[in-house]
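Participant: Quick one: this structure, given as structure tokens, is what I'll be asking you about.
The values are calculated or read from the model by the stated rules, or taken from the named source; none is laboratory data. Source: prediction; values computed, not measured. Please note: Cβ atoms are built from the backbone with ideal geometry, for glycine as well, and neighbour counts cover all protein chains shown.
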């Protein structure tokens, strides 16, 4: 979900694991040469989601990277399948109040540029939370935890998960 810390925590986690970090939203912006908000204006959400799926398919099969997707990537069944099949998916979760605090003033998030961004965030959470739970191998509450502490906890969580699920 937007504001959960995917980019910030993802970048720090990649550094801690010695892996490359890829933020799909930033890749899309770089390839298109315009901000995501512009893509939404010109192509609508459907056009953006097609680009997102194409980029996910390109990066999902690569090894040794931490991949941050946009919060809506889980909307497409194809994307959910791709994510579950090709990696360990961590759902970074935060309370609605915390998410709203983080994103309220961000004008680069087209899905909350509405008359009532708080209500829109609630709608998105209601729609997406079951999908995040469906695709996630692990769930981690970010809350107001410092980034370094979150990363340390995630490294431990990943080591435990890998030991339990990837051992022969």
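Participant: Please find, among 68, 136, 94, the residue that is closer than 26 Å to residue 155 by Cα, at pLDDT below 90, surrounded by 18 or more Cβ atoms within 10 Å (Cβ to Cβ) and touching a strand residue (DSSP E or B) at 6+ places or on another chain (Cβ under 8 Å).
Facilitator: Of 68, 136, 94, the one residue that is closer than 26 Å to residue 155 by Cα, at pLDDT below 90, surrounded by 18 or more Cβ atoms within 10 Å (Cβ to Cβ) and touching a strand residue (DSSP E or B) at 6+ places or on another chain (Cβ under 8 Å) is 94.
Participant: Please pick out the residue among 53, 61 that is free of Cβ contacts under 8 Å to residues at least 60 places away in the same chain and closer than 19 Å to residue 124 by Cβ.
Facilitator: Of 53, 61, the one residue that is free of Cβ contacts under 8 Å to residues at least 60 places away in the same chain and closer than 19 Å to residue 124 by Cβ is 53.
Participant: Go through the residues of the range 10-25 one by one and say whether even a single one is surrounded by 13 or more Cβ atoms within 10 Å (Cβ to Cβ), touching a strand residue (DSSP E or B) at 6+ places or on another chain (Cβ under 9 Å), assigned to a loop (DSSP other than H, G, I, E, B) and touching a residue at least 60 places away in the same chain (Cβ under 8 Å).
Facilitator: No, because not a single residue in the range 10-25 is surrounded by 13 or more Cβ atoms within 10 Å (Cβ to Cβ), touching a strand residue (DSSP E or B) at 6+ places or on another chain (Cβ under 9 Å), assigned to a loop (DSSP other than H, G, I, E, B) and touching a residue at least 60 places away in the same chain (Cβ under 8 Å).
Participant: Next up: Could we say that residue 100 is surrounded by 14 or more Cβ atoms within 10 Å (Cβ to Cβ), outside any loop (DSSP other than H, G, I, E, B), out of contact with any strand residue (DSSP E or B) (no Cβ under 8 Å at 6 or more places or on another chain) and modelled with pLDDT under 95 here?
Facilitator: yes
Participant: Which number in (1) surrounded by fewer than 16 Cβ atoms within 10 Å (Cβ to Cβ); (2) modelled with pLDDT of 80 or more; (3) farther than 18 Å from residue 52 by Cβ marks the one condition that residue 106 misses?
Facilitator: In the conditions (1) surrounded by fewer than 16 Cβ atoms within 10 Å (Cβ to Cβ); (2) modelled with pLDDT of 80 or more; (3) farther than 18 Å from residue 52 by Cβ, residue 106 misses (2) alone.
Participant: Also: Can you name the residue in the range 130-168 that is part of a loop (DSSP other than H, G, I, E, B) and within 26 Å of residue 75 (Cβ to Cβ) and is also farthest from the chain's Cα centre (by Cα) among such residues?
Facilitator: Checking each candidate, the answer is 143.
Participant: Let me ask something else about it. What residue, of 63, 57, is more than 23 Å from residue 101 (Cα to Cα), modelled with pLDDT under 95 and surrounded by fewer than 21 Cβ atoms within 10 Å (Cβ to Cβ)?
Facilitator: 63
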